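Since the structure comes first, as C-alpha cells, the remarks are kept for the end.
The values are calculated or read from the model by the stated rules, or taken from the named source; none is laboratory data. These numbers were taken from a predicted model, which means no experiment stands behind them. All Cβ positions, glycine included, derive from the backbone under ideal geometry; neighbour counts span all protein chains shown.
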Amino acid sequence: MSTATCIDVRTIAPTDRHSLIFSAFGALAAGQALELVNDHDPRPLFQQFAARVPGEFEWRDLQRGPDTWRAAITRIAKPAHAGGRCCGACGGA
C-alpha cells in the first residue's frame with residue numbers, strides 16, 4: 001500500500017467532506033491509499049463506501065479516538081470478469 005493523499009477533514013465543512021473523500025478515492029490507482037483524519041468516528045462513511053464501491057476498497061483503522069480518528073482507505077483492483085461475463089457489481093465496465 002502506498003499512501004497517495006492525506007485528507008484532514010477536521011477543517012472542512014461537514015457538507016463537503018464526503019464528496020471530497022470520494023473524489024480523492026476515485027483518483028487513486030489500485031494499491032494506492034488515502035489517509036483520512038477526522039474528528040469523529042467515520043463509520044457512516046465506511047457504510048457509504050460499502051454501498052457505493054463494494055469490493056473496490058479496503059478500510060484499515062489507524063487511530064480510534066477519543067479526539068482524532070484516522071483510517072487508511074485503499075483502492076483494490078476490481079474483480080476480473082469470469083468467462084467474459086459481468087460480475088454484476090460494475091455494470092460491465
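Against the test of being at pLDDT 95 or above and in contact with a helix residue (DSSP H, G or I) (Cβ under 8 Å, 6 or more places away or on another chain), the options Phe57, Phe46 yield a single qualifying residue, Phe57. Checking each residue in the range 42-80 for being over 24 Å from Pro14 (Cβ atoms) and acidic (Asp, Glu) picks out Glu56, Glu58.
If only one of Leu20, Leu28 is in a loop (DSSP other than H, G, I, E, B) and either modelled with pLDDT of 95 or more or within 11 Å of Ile73 (Cα to Cα) (or both), which one is it?
Working: Leu20 fails: in a loop (DSSP other than H, G, I, E, B).
After applying the criteria, what remains is Leu28.
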